[in-house]
Every structure is written in structure tokens, then in C-alpha cells.
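*Asks:* If you scroll down you'll find the structure; I have some questions about it.
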Amino acid sequence: MANWSDPRTDAAYVTAGARADVRDAGLRSYMLSVYNYMASGVLLTGIVALAFSWGGETSPAAQVFLSGGLLVWAIMLSPLAVVMVMSFGQGRLSTPALQGLYWAYTVLMGLSLSTVFLVYTSTSIAQVFFATAAGFAGLSLWGYTTKRDLSGFGTFLIMGLVGLIVASIINLFMRSGTLSLAISGIGVLLFAGLTAYDTQKIKNLYFHVRGTDMMGKAVIMGALELYLDFVNMFLFLLRLFGSQRN
């Protein structure tokens, strides 16, 4: 039985407690950096989208997207190209390079999503945005705090995402309202699950990269994952509940 006055025992408890405090402080700082990058990216995307669509039918967004042509395809596909460069090149790219690509991606997404302000009313956009923010915060908090291992859901969620993309491509030709509604509903559920799953994955990654040069890269890539979860959940909710302009 341990002696309460045993200095060796007391020292062990103090050391273990100090290590836990340092780890928790480091984890909190790491996650705060991820959330700051993610929130700043969403804010920048929103500002760019609003500015590009300012003026409605006479806005730069309306002129570009109504006229069609290669510029439209460049705006729509460039974010995908940047994500692929970041995902496949993160091992070779420096942290500042990843940061630059992340901010470039959020700006390009703002240009691409500017049509949202041309299609939906400002009131419904604001309502859906704040609903998405509240849902995202709750789901991410649960993913961060839950003791349940969510890694088993990863394969299921990725398979569901692939199926969703295939269904969306098919519906481009079918133009089915019912299928579109189903895709939006499933999309909300999938990205809700991905929000919790990605948060836990980002949290667990900290224990592998702390104290290494990969820490900065992990923060940026984690922010990108949560950014994508938020934006996609917002878009699917907007399709379900947004009010279109007359």
C-alpha cells in the first residue's frame, strides 16, 4: 500500500500531472489553430463570393456565369486542382506553400460559390449559414470529446461520398427533383458524420506530429478538411431549405 507521505509517489503524481497539463495545453493550441484557419477560410470565401456577386444581374459573377465559356470552367475546376495539389503534394510542399495554397483555394471557392447569392435570397442564406454553424460546432465538439472510436465509420462515409458524387453526376442528365432532394438530404447526413469523424482524426493526429516539422502542415490540412465539411453541409442545407429569388 502506498504511503501518502512517500515523496517518490508524490513526485510521480506531480510529473504525470505536469505531462498531462502540457499535452492538453498543446492539444488545445493545435485544435484552436485548426479552427482559426478553418473559420478564417470560410469568412474569406464568403467575402469574396459576396463581393463578386455584388450588384445582382449586373455583377461580375452574373456576367461571367451567364456568358459561359472557358472562364466559367476555370473558376469551377480550379479549386479542385488546388485541393489535389495540396493533398498529393503535402509531403513535398513547405508549410508556407501549403498556407498560400489554402488561402488561394478559399478565394477561388468564393468566386465559384458567388452564384449562391444570385440564386438564393440573402435572408435564407444567412439563416442556413447560422444553422450550419450551430450544427457544425455541435458535431465537431462531439467528435472532439467522445470516447467512442469513430475510425470504423471512415470507410462507410467515404463510400457514401463516392455514391453521392455518382448520383449527382447522373442527376445532371436526369434532372430529377426527387433525386435532387434525396441527394441533398443524404449529403447533409454524410457531411455531418464527416465533421465528427474528421475532428476526431485531426485530434488523434496531433499525438503523431507534435514536436515535429509536420505540425504546421497538419494544422493546414486539418483546417482544409473541416472547411470542406462545413461548406458542403451548408450547400446541401441551402438546397433543402433555401428560398430562391423570383
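*Asks:* I want to confirm something. Restricting to segment 119-141 and keeping residues that are surrounded by 18 or more Cβ atoms within 10 Å (Cβ to Cβ) and hydrophobic (A, V, I, L, M, F, W, C), which single residue is nearest to Glu57 (Cα to Cα)?
*Replies:* Ile125
*Asks:* Can Tyr144 be described as in contact (Cβ under 8 Å) with a residue 60 or more places away in the chain and surrounded by fewer than 17 Cβ atoms within 10 Å (Cβ to Cβ)? Lay out the reasoning, then the answer.
*Replies:* Working: in contact (Cβ under 8 Å) with a residue 60 or more places away in the chain: yes; surrounded by fewer than 17 Cβ atoms within 10 Å (Cβ to Cβ): yes.
So Tyr144 fits the description; yes.
*Asks:* What's the total number of residues in segment 206-246 that are of a type in the set (A, V, I, L, M), assigned to a helix (DSSP H, G or I) and under 24 Å from Ala97 (Cβ atoms)? Break it down into steps so the answer makes sense when it comes.
*Replies:* Taking segment 206-246 first, the residues of a type in the set (A, V, I, L, M) are 209, 214-215, 218-221, 223-224, 226, 228, 231, 233, 235, 237-238, 240.
Then drop every residue that is not assigned to a helix (DSSP H, G or I), which leaves 209, 215, 218-221, 223-224, 226, 228, 231, 233, 235, 237-238, 240.
Then keep just the ones that are under 24 Å from Ala97 (Cβ atoms); that gives 209, 215, 218-221, 223-224, 226, 228, 231.
Qualifying residue count for the region: 11.
*Asks:* Return the pairs, sorted by first residue and then second, in which the second residue is basic (Lys, Arg) and part of a helix (DSSP H, G or I), the first residue lies in segment 26-37 and is touching a residue at least 12 places away in the same chain (Cβ under 8 Å), the beta carbons are less than 8 Å apart, and the residues are 6+ apart or on different chains.
*Replies:* Leu27/Lys203; Met31/Lys203
*Asks:* Would you be able to say whether some residue in segment 194-208 is modelled with pLDDT of 95 or more, surrounded by 18 or more Cβ atoms within 10 Å (Cβ to Cβ) and of a type in the set (Gly, Ala, Ser)?
*Replies:* yes
*Asks:* Any chance you could count how many residues in segment 12-49 are of a type in the set (A, V, I, L, M, F, W, C), touching a helix residue (DSSP H, G or I) at 6+ places or on another chain (Cβ under 8 Å) and at pLDDT below 95? Don't jump to the end; show me each part of the working.
*Replies:* First, the residues of segment 12-49 that are of a type in the set (A, V, I, L, M, F, W, C): 12, 14, 16, 18, 20, 22, 25, 27, 31-32, 34, 38-39, 42-44, 47-49.
Now drop any that are not touching a helix residue (DSSP H, G or I) at 6+ places or on another chain (Cβ under 8 Å), which leaves 27, 31, 34, 38, 42, 44, 47-49.
With the extra rule that they be at pLDDT below 95, the set shrinks to 27.
Number of matching residues: 1.
*Asks:* Within the group Leu93, Leu118, Leu179, Leu98, which residue is more than 15 Å from the chain's Cα centre (by Cα) and not in a helix (DSSP H, G or I)? First the steps, then the outcome.
*Replies:* Numbers: Leu118 fails: not in a helix (DSSP H, G or I); Leu179 fails: not in a helix (DSSP H, G or I); Leu98 fails: not in a helix (DSSP H, G or I).
It is Leu93.
*Asks:* For Thr178, are the conditions met, namely being crowded, with 17+ Cβ neighbours inside 10 Å and either at pLDDT 95 or above or over 20 Å from Leu226 (Cα atoms) (or both)?
*Replies:* no
*Asks:* Among the residues of segment 183-190, is any touching a strand residue (DSSP E or B) at 6+ places or on another chain (Cβ under 7 Å), more than 23 Å from Val34 (Cβ to Cβ), assigned to a helix (DSSP H, G or I) and of a type outside the set (S, T, N, Q)? Walk me through how you get there before you give the answer.
*Replies:* Step one: list which residues in segment 183-190 are touching a strand residue (DSSP E or B) at 6+ places or on another chain (Cβ under 7 Å), which gives none.
No, because not a single residue in segment 183-190 is touching a strand residue (DSSP E or B) at 6+ places or on another chain (Cβ under 7 Å), more than 23 Å from Val34 (Cβ to Cβ), assigned to a helix (DSSP H, G or I) and of a type outside the set (S, T, N, Q).
*Asks:* Being farther than 19 Å from Phe236 by Cα and polar (S, T, N, Q) narrows it down to one of Thr199, Thr178, Thr195, so name that one.
*Replies:* Thr199
*Asks:* What number of residues within segment 147-173 satisfy the criterion of being surrounded by 16 or more Cβ atoms within 10 Å (Cβ to Cβ) and either at pLDDT 95 or above or over 14 Å from Leu194 (Cβ atoms) (or both)?
*Replies:* Step one: of segment 147-173, the residues surrounded by 16 or more Cβ atoms within 10 Å (Cβ to Cβ) are 150, 153, 157, 160-161, 164, 167, 171.
Next cut, either at pLDDT 95 or above or over 14 Å from Leu194 (Cβ atoms) (or both) only: 167, 171.
Residues in segment 147-173 being surrounded by 16 or more Cβ atoms within 10 Å (Cβ to Cβ) and either at pLDDT 95 or above or over 14 Å from Leu194 (Cβ atoms) (or both): 2 in total.
The values are calculated or read from the model by the stated rules, or taken from the named source; none is laboratory data. Values in this document were obtained by computation on a predicted structure and should not be read as measured data. As a convention, Cβ positions derive from the backbone with ideal geometry for all residues, glycine included, and neighbour counts pool all protein chains shown.
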